[in-house]
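Have a look at the structure below before the remarks.
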Number of protein chains: 2
Amino acid sequence: MENKVQDIRARFVDEWGALGSAWGINRSMASLHARLLVSSEPMSMDDLMEELSLSRGNTSTNLRDLVSWGLVRQVVVRGERKQFFVAEKDPWKVFVTILRERLHREIDPAVDTLGRIAQASEGLPGKEGQELHRVVKGLHGFLLPLRAMAHRVVGAESKILSAISRVL
Amino acid sequence: MENKVQDIRARFVDEWGALGSAWGINRSMASLHARLLVSSEPMSMDDLMEELSLSRGNTSTNLRDLVSWGLVRQVVVRGERKQFFVAEKDPWKVFVTILRERLHREIDPAVDTLGRIAQASEGLPGKEGQELHRVVKGLHGFLLPLRAMAHRVVGAESKILSAISRVL
DNA sequence: CCATACTTTCAATATATTCTGAAAGAACGG
DNA sequence: CCGTTCTTTCAGAATATATTGAAAGTATGG
């Protein structure tokens with residue numbers, strides 16, 4: 001029971017890694033993000049790779065991705081030549097950032113393609129052709145407003161949540 | 001351009017597979033689901049494995065999973081000894097079913113653990129201990145109502161969407 | 001019951017994803 | 001400039017995930 005902070009922090013890092021996988025974020029990236037989230041100071045690549053036992057290459061790549069997602073930013077530490085990193089800590093911003101990324105990369109193109117298929121299947125012959133069109137059109141018609149809602153959430157303030165909560 | 005229905009249907013099956021991956025559903029399972037979604041008739045395991053070029057074992061396992069999720073159900077076809085399968089076609093039900101499954105399997109346990117970590121980190125010493133507690137508590141406090149909202153959506157009627165849409 | 005039709009299971013295999021580490025590249029201080 | 005420190009890249013290795021296929025298991029009609 002020597003260093004309790006380190007133990008509990010490690011538990012958090014692991015748990016965040018598990019949550020991350022559910023969001024399409026790999027373990028290294030999620031661990032790095034988690035560790036930075038609960039740090040009271042900026043950390044360098046060496047700090048992180050040592051504490052999390054990751055290779056230099058892996059650490060470098062995933063930090064870069066975190067920065068490009070906007071979940072982490074680089075900061076300058078006076079008198080240090082290395083880069084230091086700090087995580088965005090506002091849960092709403094973290095949530096919105098991840099949501100935006102996934103909409104952009106995965107959902108948007110799929111929904112668009114679905115729309116094209118709905119069009120292409122217009123007026124196909126036979127029971128089979130008609131069912132194809134009917135279902136694809138239905139799915140597209142369902143997903144389109146859902147996506148629009150998600151985009152509005154991404155652009156909104158965090159208080160939108162309590163507004164939604166009220167109608168539920 | 002021989003059989004247009006088959007071509008377009010194949011496009012849809014592939015696209016649904018891609019969307020499925022974004023939701024933690026593997027390609028075989030997503031393909032089977034997609035093919036059944038746009039079928040005007042119940043299909044047997046043999047129908048499916050042949051059309052989608054999947055092995056028997058794979059088809060069997062993934063159909064069973066789809067049934068256990070509640071996305072597909074078995075039906076009896078008169079005069080046939082084989083099992084036949086039919087997909088739930090209402091987009092709202094499909095959406096809610098997948099959401100429920102993921103909440104249950106991935107989100108709920110992670111959020112619970114986060115809550116326990118928030119508790120365990122109460123009153124830790126030092127700047128580091130305090131930051132750990134502060135951030136974990138903040139994340140948990142953010143995710144908890146979000147999860148509650150998701151659970152309410154899962155239990156609601158599809159018209160809840162237009163109600164939410166109104167406040168966005 | 002038996003023969004046959006059908007389904008499930010699971011060890012082996014194939015595929016996809018992630019991670020490592022060393023070499024190449026960049027930036028900095030003097 | 002030059003030596004040093006720091007960062008990135010990327011081919012190969014390791015790991016994780018998905019798929020196959022054949023054997024074992026189960027149900028059905030006769």
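Computed from the coordinates by the stated procedures, all read-outs in this text should not be read as laboratory data. These figures come from a predicted structure and were not determined experimentally. Here Cβ is always computed from backbone atoms with ideal geometry, including for glycine, and neighbour counts include all displayed protein chains.
Quick notes on this structure:
- The C-alpha atoms of chain A define a longest principal axis, and helix A:56-69 lies at about 50 degrees to it.
- Whole-angstrom gap from segment B:118-158 to segment A:47-65, using each part's C-alpha centre: 26 Å
- Beyond 32 Å in Cα-Cα separation lie the following of the pairs A:K159/B:K93; A:K93/B:K127; B:K4/B:K82; B:K89/B:K137; A:K4/A:K159; A:K93/B:K89: B:K89/B:K137; A:K4/A:K159; A:K93/B:K89.
- Counted over segment A:4-87 with a bin width of 10 Å, the fraction of Cα pairs per bin, in whole percents, is 18, 55, 24, 2.
- Within the shell defined by Cβ-Cβ distances under 14 Å, the residues around A:D112 carry a net charge of +1, with Lys and Arg each +1 and Asp and Glu each -1.
- Within the shell of other residues whose beta carbon sits under 10 angstrom from the beta carbon of A:A18, the net charge comes to -2, with Lys and Arg scored +1 and Asp and Glu -1.
- Cβ neighbours within 10 Å from other chains - mean over B:127-140: 6
- Per residue of B:13-22, other chain Cβ atoms within 10 Å of the residue Cβ number 4 on average.
- Along the axis of the charge dipole computed for chain A (Cβ charges of +1 for Lys and Arg, -1 for Asp and Glu, origin at the Cα centre), the listed residues A:L32, A:W69, A:A18 are led at the positive end by A:W69.
- The angle between the Cα long axis of helix B:27-37 and the main principal axis of chain B comes to about 60°, on a 0 to 90 degree scale.
- Under 12 Å, Cβ to Cβ, from B:K127 - net charge with Lys/Arg +1 and Asp/Glu -1: -2
- Evaluated on segment A:27-168, the Kirkwood hydrodynamic radius is 18.3 Å, with distances taken between all distinct Cα atoms.
- When the GluC sites (Glu not before Pro) in segment A:1-97 are filtered for DSSP coil states and for at most 16 other beta-carbon atoms within 10 Å of their beta-carbon, the remaining sites are A:E2, A:E80.
- With R₀ set to 45 Å, the beta-carbon distance separating A:V167 from B:S55 gives a calculated FRET efficiency near 0.45.
- Size of charge dipole - chain A - debye, nearest 20, with Cβ of Lys, Arg +1 and Asp, Glu -1, no other charges: 440 debye
- Counted without the sites themselves, the longest stretch of chain A free of trypsin sites (Lys or Arg not before Pro) in a DSSP loop having at most 13 other beta carbon atoms within 10 Å is A:1-77.
- Cα-projected label distance for A:L144 with A:R73, points at 7 Å along beta-carbon direction, nm: 3.8 nm
- Diffusion of the protein assembly as shown by Stokes-Einstein, at 37 °C in a medium of 0.692 mPa s and with Rh set to the Kirkwood radius over alpha-carbon pairs, works out to 146 µm²/s.
- Translational diffusion of segment A:91-167 was estimated from the Stokes-Einstein equation, with Rh taken as the Kirkwood radius over Cα pairs; at 10 °C and 1.306 mPa s the coefficient is 112 µm²/s.
- Using the Cβ-Cβ distance between A:I160 and B:V86 with R0 set to 41 Å, the FRET efficiency works out to roughly 0.60.
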